[in-house]
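Notes for the one structure printed next.
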């Protein structure tokens with residue numbers, strides 16, 4: 001195919017890439033992380049990009065500002081109301097079960113990767129945690145000459161049949177990192193560079209973990225060291241003549257009081273007092289298997305109410321609580337945040353910038369929090385970077401940019 005050819009998916013049209021396109025999702029990257037690291041002089045490649053060699057924009061991510069809904073929006077080009085992944089975790093009311101949203105059967109829209117592979121493109125996806133791998137690689141064809149899709153977390157288990165690649169550790173030259181480490185993300189970039197040198201995919205996606213951002217504030221030594229590491233790999237991808245596009249799945253904010261304790265509204269405790277014990281269910285879509293660094297505390301929750309519970313009374317009571325930013329009905333919240341109504345509860349609750357929402361105090365293990373809590377989930381973490389290593393053309397300056405516009409801009413609006 002040539003640059004004049006078009007690939008269409010989910011109602012969006014994408015030009016065939018003249019050069020390899022690498023989209024990077026920097027998990028938890030509040031724009032201030034890059035800004036502070038550039039100011040500190042530890043990101044020389046990025047500094048050159050945002051000071052004129054490329055394009056430095058801001059975009060809105062999906063609310064709830066969590067990993068799964070945003071990664072899936074980025075790779076489908078559409079909001080959760082279309083692709084169906086509205087959190088890391090949801091309640092299946094019909095079957096009375098709480099479900100991790102990492103099963104490809106829950107995905108309601110094809111990915112950009114599937115559309116481009118069907119058109120003949122070479123695809124490579126590397127993600128930090130394995131929880132995303134099957135969703136990102138949904139319906140791709142693997143095997144010799146097929147797509148490549150694996151995680152840092154389980155890189156030693158990658159096979160040609162399931163991941164399109166084997167002997168990953170030999171290729172990358174690193175051991176399998178701890179899931180709670182900066183090296184888990186570094187492995188993603190080291191693998192991305194090696195794949196660009198050897199396979200040279202047409203479309204690549206690299207997705208990190210926000211372990212560092214949960215622990216370190218923008219401008220801190222820990223954060224700057226991490227961003228300096230990424231800068232070096234991005235420079236290598238640039239030198240390999242790839243279009244490099246950077247965004248994030250969400251921002252990150254401090255969520256603690258003046259004494260360093262998590263500033264939490266335990267929503268299930270509140271609802272048990274308001275509606276009666278056992279007459280409501282709080283779902284925290286931040287929940288996933290990796291909660292050590294955030295204790296399953298985020299700024300977004302959805303509430304299911306039993307029949308007979310006065311929804312308006314509950315909504316009013318919650319809305320008047322200190323620290324609440326908004327309490328919406330299912331219809332209001334899904335319309336505002338472009339969510340799938342059947343995967344949200346009767347109420348959608350968002351806390352203010354420095355507050356988080358929990359269920360009951362005794363259900364959250366906070367023993368792993370060795371620093372004051374930093375987390376995400378609300379509207380206050382919606383602004384994210386949208387950075388390209390090339391100038392862009394023909395982009396409407398009045399357009400509201402989203403993080404899931406990254407492939408549209410990289411494929412349709414880059415001056416190559």
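The values are calculated or read from the model by the stated rules, or taken from the named source; none is laboratory data. Computed from a predicted structure; not experimentally measured. Positions of Cβ are backbone-derived with ideal geometry, glycine not excepted, and every protein chain shown enters the neighbour counts.
Here are the numbers:
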{"read-out": "Pairs with Cβ under 7 Å, 6+ apart, first in region 34-55 and part of a strand (DSSP E or B), second modelled with pLDDT of 95 or more and exposed (fewer than 15 other Cβ atoms within 10 Å of the Cβ)", "value": "55/391"}
{"read-out": "Residue 237 vs. criteria buried (at least 17 other Cβ atoms within 10 Å of the Cβ), outside any loop (DSSP other than H, G, I, E, B), at pLDDT 95 or above and not assigned by TED's automatic domain parsing to the domain that holds residue 63", "value": "no"}
{"read-out": "Failed item, numbered, when residue 303 is tested on (1) part of a helix (DSSP H, G or I); (2) surrounded by 20 or more Cβ atoms within 10 Å (Cβ to Cβ); (3) more than 19 Å from the chain's Cα centre (by Cα)", "value": "(1)"}
{"read-out": "So residue 27, is it touching a residue at least 60 places away in the same chain (Cβ under 8 Å) and in the same structural domain as residue 192 (by TED's automatic domain parsing)", "value": "yes"}
{"read-out": "Sole residue being buried (at least 20 other Cβ atoms within 10 Å of the Cβ) and more than 21 Å from the chain's Cα centre (by Cα), chosen from 369, 386, 339", "value": "369"}
{"read-out": "Residue satisfying condition, being surrounded by fewer than 21 Cβ atoms within 10 Å (Cβ to Cβ), within 29 Å of residue 373 (Cβ to Cβ) and more than 22 Å from the chain's Cα centre (by Cα), within set 183, 221", "value": "221"}
{"read-out": "Residues of region 223-256 classified as out of contact with any helix residue (DSSP H, G or I) (no Cβ under 8 Å at 6 or more places or on another chain) and in contact (Cβ under 8 Å) with a residue 12 or more places away in the chain, total", "value": "5"}
